[in-house]
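Read the structure below first, then the notes.
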Amino acid sequence: MSVPAYPAYRDTGVQWLQAIPNSWRTVPFWSLFRRIKRVGHQGEELLSVYRDYGVIRKADRDDNFNNPSEDLGTYQLVEPGNLAMNKMKAWQGSLGISPHRGIVSPAYFVYQPQSREHPEFLHYLLRSPPYAAGFMTVSKGIRVNQWDIDPDYLDQIPVCLPSLAEQAAIASFLDRETAKIDGLVAEQRRLIALLKEKRQAVISHAVTKGLNPNAEMKPSGIERLGEIPSHWEVAPLKYWAKIGNGSTPKKDDARFWANGTFPWLNSSVVNMDEVDASENFVTELALAECHLPIVALPAILMAITGQGKTRGMVAPLALTATISQHLAFIKPTETRLQTTFLLRWLESQYVKIRSDSEGAGSTKGAVTCDEIARMHVVLPPVGEQLAICQHFEAIATGFQRLEDLAEASVLLLQERRAALISAAVTGKIDVRGLVDAVGAMEAA
C-alpha cells in the first residue's frame, strides 16, 4: 500500500514524538483528561486492561488468571469513553478508551474525557508505540517491572491532534486496515493450533498403537486406551517410576539462598525444550532442612499446579537439581522404561491430566503425585520405544518448521500493524484520501 505524506511538517521538540504535520496541534494530557476515582460499585462487571486489546470484559478471555480481591468495593467504576490505564504497564501499552461499563483494580488510573476529541483516534494514539515510549519517560521505580507512571508528569505529556474530521478519518482507516491484519493473524493462529493438534494426535497414536499397522492387538483393560499391541504391557506408572515433588525454602531466610550453589527449579522450566539451566540456587543447609529432593538424571519434570497452560506440561531434566512444590519429578526405576518414551507418553496425556486435575476428586487446579503414580502407562519392548521416539522426532521436525513459519508470519503482521498505527496517528502518512476513496466506492 502506497500512502502519501502530509505536505509539510514541524518539529515538536519531543524526542519520542518528533515531527508532526504543520496543521496539527499539540495539547497537554491534562487538558483532555481528568483523573477520577469512583468506588462502591462492586456489583458491576469486572474489566481487564490488556496490552494487546485495551479495555475488555474479564469474562471474555480465559487466559487472565489474576484473581480479583474479595472486597470489590474499592474497585473503580469505568464508563464507556473513559480512559483506563495500568499505571505499572502504561509503557507497554496497557491502557485504552473503554467501550464498556464496569470496574477495574484500585491500582489503575481512570480518566474522564474533558474534550470532544474523537475517542477511537485517542485510543489508537495513546496505545501506539511512540506514546508507549513517552509513558516510559514519565515512569519511575526500582526496576522495569515495578515502574509506576507519575501522574504529574503524565499530565504534561503532549498529545498531537489533527482536526476532528482527520481524527475520524484516521480512526476509520485504522479500523479497516487493522481488521484485515487481525484476520490474517487469526488465520495463522488457527493454523498453529491445527498443527499442534495434529502433532498431539501423532504422539497419541504412536505411543498407544505402535508403528506396525498390522500388529496383533489385545484389549488394554483401560477404556481410554482401547486396544494395544498384544505384546505390550500396561500398568500404573508407580510400578516403573519414582514420583515426588519438592518445596520452597523461606525466601526471607538468607541461610537458604545466599551464595547458594545447588540449582532450584520452579514450574516455569516446563516451557523449556530441555531443563539445562537454573536461575535460582539454594544452599546445602536448605537441602538438609527444607525437605528438598535431589533429582538426578535421567528424569522428567511436570508442572502440577496453576490455572495456566503449564499445569500438566512436561520437560526432560538435563541437570541434577532440586525442585519447588509446584513441580513433580518422574524418574524411571528400571531400564525397560525409556525416559524419552515416557516423556512422549506424558505429552500425549496432557489433556487428560488437566481434565482429571479439575475434577471433583482432585484439588482444583492441581495434580498430585499420587494421581501421577496411578496413571496407567503402556510399555512396549525397549527397541519399539526407541523406534517410536525416532519416528516422532522425524515427524515433529516437519511440524515445528511449519509452526515456526506461521509464528514468523504472525510477528511480521503484528509489526506491520504497530508501524501502520504509529504512522497514521502521528501524521507520518496522510490517509484522508484513502478513506474518501473507499467511502466513494462503498457508496457506488
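Every number in this text was worked out from the coordinates using simple rules, so none of it is lab data. This one's a predicted model, so the numbers in the text were calculated from it and none came from an experiment. Virtual Cβ from ideal backbone geometry, glycine too; neighbours counted across all protein chains shown.
Tabulated values for the structure
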read-out: Viscosity 0.692 mPa s, temperature 37 °C, Stokes-Einstein D of segment 287-444 from Kirkwood C-alpha radius, µm²/s; value: 164 µm²/s
read-out: Nearest 10 degrees, 0 to 90: helix 382-425 Cα axis against the chain principal axis; value: 10 degrees
read-out: Partner lysines for Lys352 [C-alpha distance under 28 Å; skip if fewer than 8 residues away on the same chain]; value: Lys58, Lys196, Lys198, Lys209, Lys218, Lys238, Lys242, Lys309, Lys331, Lys364
read-out: Gyration tensor verdict on segment 154-282 (Cα atoms; rounded if a/c is under 1.5, prolate if a/b is larger than b/c, oblate otherwise); value: oblate
read-out: Inter-probe distance in nm under a simple model that places probes 7 Å from Cα toward Cβ, at Glu393 and Arg51; value: 3.5 nm
read-out: Nearest-ten-degree value, helix 339-348 long axis tilted from longest Cα axis of the chain; value: 50 degrees
read-out: Nearby aspartates and glutamates by direct alpha-carbon distance to Lys89 (threshold 14 angstrom, same-chain neighbours under 8 apart not counted); value: Asp52, Asp148, Asp150
read-out: Alpha-carbon Rg/Rh ratio, for segment 1-130, with Rh computed the Kirkwood way; value: 1.04
read-out: Per-selection metrics, segment 75-116 (Cα): Rg and Dmax in Å; value: 9.8, 28
read-out: Additional length obtainable on full extension of the chain from Arg190 to Lys242, 0.36 nm per residue less Cα span; value: 14.9 nm
read-out: Charge dipole of the chain about the Cα centre (unit charges at C-beta), most positive-ward option of Cys160, Gly40, Leu72; value: Gly40
read-out: Theoretical gain in end-to-end length, Ala107 to Val39 [0.36 nm per residue, Cα-Cα removed]; value: 23.3 nm
read-out: Of every Cα-Cα pair in segment 337-430, the percent that sits beyond 16 Å; value: 72 percent
read-out: Separation in nanometres of the label points that stand 7 Å from Cα toward Cβ, at Ala366 and Met217; value: 3.9 nm
read-out: Modelled FRET efficiency - R0 45 Å, Arg25 with Arg61, Cβ distances, 0.05 increments; value: 0.75
read-out: Reciprocal mean inverse distance between Cα atoms of segment 101-230 - Kirkwood radius, Å; value: 20.8 Å
read-out: Theoretical ellipticity at 222 nm over the chain - DSSP helices of four or more residues, -39500 (n - 2.57) apiece, nearest 500; value: -11500 deg cm²/dmol
read-out: Per residue convex hull volume, Cα atoms of segment 174-249, in Å³; value: 190 Å³
read-out: Amide N proximity, segment 86-108 versus Asp150 label position 7 Å along Cα-to-Cβ, cut-off under 20 Å; value: 86-93, 108
read-out: Solution diffusion estimate, µm²/s, Stokes-Einstein, segment 1-62, Kirkwood Rh from C-alpha pairs, 20 °C, viscosity 1.002 mPa s; value: 131 µm²/s
read-out: Paired Rg and Dmax values of the chain, which use every Cα atom, in angstrom; value: 27.7, 81
read-out: Extension gain (nm, one decimal) between Ala408 and Asn271, 0.36 nm per residue minus Cα-Cα; value: 47.4 nm
read-out: Rounded to 10°, Cα long-axis angle of helix 164-209 versus longest principal axis of the chain; value: 0 degrees
